[in-house]
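What follows is a short report on a single structure.
The values are calculated or read from the model by the stated rules, or taken from the named source; none is laboratory data. Computed from a prediction, not measured in an experiment: that's the story for all the values here. Cβ atoms come from the backbone with ideal geometry, glycine included; neighbour counts cover every protein chain shown.
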Amino acid sequence: MGNTKKTALYEIHKKLGAKIVEFAGFYMPVFYTSIIEEHRKVRSSVGVFDVSHMGEIEIYGEKALEFTQKITVNDPEKLEVGQVQYSAMCYPDGGIVDDLLVYRFKDKFMLVVNAANTDKDYQWILDNKIDDVEIKNISDKITLLAIQGPKSRDTLQKLTSINLSEIKYYWFKEGKLADIDMIISRTGYTGELGFELYISPENSERLWNKIFEAGKEYDIAPVGLGARDTLRLEKKYALYGNDIDKTTNPLEAGLGWIVKLDKKDFIGKDALLKIKSNGIKRKLIGFITEGNTFPRKGYNIFKNNTIIGKVTSGTFSPSISKGIGLGYVDIAYSKIGEKIFIEIRKQKIKAEIVKTPFV
């Protein structure tokens, strides 16, 4: 516990009465009022997340593009300056190192990686480094705020002369908001309209307070990691360590769309080509349970009396008021409409495989 970090906003979270836990090496707020209330706030109005625990790694040098091509499965060459791309890094066997965002700047690329994986990812990138690139882990120099919800743009527009309506989904601008220099990115992990703001830690409290002032008329609220998880699950956004990890590949995880098998060589390409040609043996599916129970990670998935897979993520969905989950099942049982059972507290609960996202 001695090495656990605090974000620059830790004292504010404490003052607001957040339930704080250790997560990915940081003390982070899980909720302030309740997960369901915060979840619904983001879906209906606007909420603010401190996600400064995420990792940021910069790649410079004349071969920065070539190197980013080598270590990611998507095609960064297609990015224009000011554009963002969802991607992943794979091991040579096709297993996933991490899923991440790739930002293209004039003179560099920035990879935004999962909090729990920052050190591992940084080491992986260093281990695969080529000549003429420079790699910097700048995670400790960044505060990252996510402002998410239908009223997020209206809230932030009061604080900047940049026309936020002109920033398209998965694009970003560098400029001032609340008189603070930052990266304003039209991204998020909730499925709602939203922005992610990258600033230096010393401006954190000032920015937080300005945003809450601007959002007062929309009843803006702070949101913890609990609602971040339920929001992303409703949209079937994968969570590393649950739905994807080194034992899963992007094709079976439903992430084939980010894998550009026709681009130049990249780490994992040969294995993924082989997996594709042989056909996947299992698939990540979404399901809804019957009744008032809801699934959790690790629960068995049954067809008749045979275990056909395991739940990787599960929760109560505040938007549809039902239990929802993700899990890998044998490809033979992966069709939409398939009736399955989830073992919840020694009872087999009826469930159905559905088209995702859930909302």
In region 284-293, how many residues are buried (at least 20 other Cβ atoms within 10 Å of the Cβ) and either among the basic types (Lys, Arg) or not in a strand (DSSP E or B) (or both)? 0
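Considering only region 216-263, state which residues are of a type in the set (S, T, N, Q) and surrounded by 20 or more Cβ atoms within 10 Å (Cβ to Cβ). Full working, then the answer.
Here is the first cut: in region 216-263, the residues of a type in the set (S, T, N, Q) are 230, 242, 247-249.
Listed by number, the residues that qualify are Thr230, Thr248, Asn249.
So that you can scan it fast, the table gives a plain yes or no per residue for (1) in the same structural domain as Val112 (by TED's automatic domain parsing); (2) within 16 Å of the chain's Cα centre (by Cα); (3) part of a helix (DSSP H, G or I):
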{"residue": "Leu126", "(1), (2), (3)": "yes, no, yes"}
{"residue": "Asp131", "(1), (2), (3)": "yes, no, no"}
{"residue": "Pro150", "(1), (2), (3)": "no, no, no"}
{"residue": "Thr155", "(1), (2), (3)": "no, no, yes"}
{"residue": "Ser161", "(1), (2), (3)": "no, no, no"}
{"residue": "Tyr169", "(1), (2), (3)": "no, yes, no"}
{"residue": "Tyr189", "(1), (2), (3)": "no, yes, no"}
Check Pro250 against each of (1) under 15 Å from Val329 (Cβ atoms); (2) touching a Cys at 6+ places or on another chain (Cβ under 8 Å) and name the one condition it does not meet. (1)
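Of the residues Ser277, Ser321, Ser334, only one is among the hydroxyl-bearing types (Ser, Thr, Tyr), free of Cβ contacts under 8 Å to residues at least 24 places away in the same chain and under 28 Å from Gly94 (Cα atoms); which?
Working: Ser321 fails: under 28 Å from Gly94 (Cα atoms); Ser334 fails: free of Cβ contacts under 8 Å to residues at least 24 places away in the same chain.
When all the criteria are applied, what remains is Ser277.
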Going through Gly256, Gly268, Gly291 one at a time, which residue ends up being of a type in the set (Gly, Ala, Ser), in contact with a helix residue (DSSP H, G or I) (Cβ under 9 Å, 6 or more places away or on another chain) and either in the same structural domain as Lys70 (by TED's automatic domain parsing) or over 16 Å from Leu233 (Cβ atoms) (or both)? Gly256
When you scan region 208-224, do you find a residue that is of a type outside the set (Asp, Glu), part of a helix (DSSP H, G or I), without any contact (Cβ under 8 Å) to a residue 40 or more places away in the chain and closer than 22 Å to Ile20 by Cβ, even just one? yes
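Can you tell me which residue in region 300-348 is surrounded by the fewest Cβ atoms within 10 Å (Cβ to Cβ), limited to those that are among the β-branched types (Val, Ile, Thr) and within 24 Å of the chain's Cα centre (by Cα)? First the steps, then the outcome.
In the first step, residues of region 300-348 are kept if they are among the β-branched types (Val, Ile, Thr); the result is 301, 306-308, 311-312, 315, 320, 324, 329, 331, 336, 340, 342, 344.
Checking which are within 24 Å of the chain's Cα centre (by Cα) leaves us with 311-312, 315, 320, 324, 329.
Details: Val311: 24, Thr312: 25, Thr315: 20, Ile320: 12, Ile324: 27, Val329: 23.
Top of the filtered list is Ile320.
Considering only region 42-70, how many residues are under 19 Å from the mean Cα position of the chain (by Cα) and either crowded, with 20+ Cβ neighbours inside 10 Å or within 27 Å of Val359 (Cα to Cα) (or both)? Don't jump to the end; show me each part of the working.
From region 42-70, those under 19 Å from the mean Cα position of the chain (by Cα) are 42-43, 46-58; that's our starting set.
From what is left, the residues that are either crowded, with 20+ Cβ neighbours inside 10 Å or within 27 Å of Val359 (Cα to Cα) (or both) are 42-43, 46-57.
Total meeting the criteria: 14.
Within region 170-182, how many residues are under 20 Å from Leu111 (Cα atoms) and surrounded by fewer than 20 Cβ atoms within 10 Å (Cβ to Cβ)?
Going residue by residue through region 170-182, those that are under 20 Å from Leu111 (Cα atoms) are 170-175, 181-182.
Cutting the leftovers down to surrounded by fewer than 20 Cβ atoms within 10 Å (Cβ to Cβ) gives us 170-171, 173-175, 181.
So the answer is 6.
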Quick one: is Thr118 of a type in the set (S, T, N, Q), surrounded by 18 or more Cβ atoms within 10 Å (Cβ to Cβ), assigned by TED's automatic domain parsing to the domain that holds His39 and at pLDDT 95 or above? no
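Report those strands (runs of 3 or more DSSP E) wholly inside region 54-110 carrying at least 3 residues which are under 13 Å from Val259 (Cβ atoms).
On the way: elements: 55-60, 84-90, 96-104.
Once the strands (runs of 3 or more DSSP E) in region 54-110 are filtered for at least 3 residues that are under 13 Å from Val259 (Cβ atoms), what remains is 84-90.
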